[in-house]
């Protein structure tokens, strides 16, 4: 479910934003959007199902999904020249590789060497891959939604965004140059 909030009736804040230097404008918007999104994130974390200690799951650590819920910046919005954030379950870290180059007299030899093992996989206690099973359910399990109900906080997040953007604009105007 994609949720989008459009701000209307905030012409004075928009005029103040246009007066800021473009780089500062993006920083102000990103920080204000993140402040509002943290409200949604906190509600999702509160409602996320946590494995009870009495349930013996050999490969699951209690709170893995809850701890992985985070506010992240949108790469798609950045590519389009916009600013955006979203609340989602952050995947576990994958393997990390490094390229080593060995110079011989005639030839350069490049090798990829793994420097960190992957934390992903069904048997990894740190991988919250099963978040979608909890959120949407399966054939054999009813959904226990926690992200979609948290989206109901978007109206409250809008109020937090408005307060935060005004605070950041005042702070940016105090420390940065204003374009004429």
Q: Tell me which residues, restricted to the stretch 105-125, are in a loop (DSSP other than H, G, I, E, B) and surrounded by fewer than 10 Cβ atoms within 10 Å (Cβ to Cβ).
A: 105, 106, 107, 122, 123
**Q.** Residues of the stretch 70-95 satisfying the condition of being farther than 17 Å from residue 125 by Cβ, touching a helix residue (DSSP H, G or I) at 6+ places or on another chain (Cβ under 6 Å) and touching a residue at least 40 places away in the same chain (Cβ under 8 Å)
**A.** 83, 84, 85, 87
Q) Right, residue 109: over 30 Å from residue 50 (Cα atoms) and at pLDDT 80 or above or not? A) yes
Q.
So residue 101 passes all but one of these: (1) part of a strand (DSSP E or B); (2) touching a residue at least 12 places away in the same chain (Cβ under 8 Å). Which condition number does it fail?
A. (2)
Q | Looking only at the stretch 33-57, and only at residues there that are without any contact (Cβ under 8 Å) to a residue 12 or more places away in the chain and in a loop (DSSP other than H, G, I, E, B), the one that is nearest to the chain's Cα centre (by Cα) | A | 52
Q. Any chance the stretch 13-25 includes a residue that's surrounded by 18 or more Cβ atoms within 10 Å (Cβ to Cβ), more than 14 Å from the chain's Cα centre (by Cα), under 16 Å from residue 157 (Cβ atoms) and at pLDDT 65 or above?
A. no
Q | Filter result (surrounded by fewer than 17 Cβ atoms within 10 Å (Cβ to Cβ) and in a loop (DSSP other than H, G, I, E, B)) within the stretch 132-153 | A | 137, 138, 139, 140, 141, 142, 143, 144
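The values are calculated or read from the model by the stated rules, or taken from the named source; none is laboratory data. Every value quoted in this text rests on a predicted model; they were computed, and no experiment measured them. Here the Cβ is made from the backbone with ideal geometry for all residues, glycine too, and neighbour counts use every protein chain on show.
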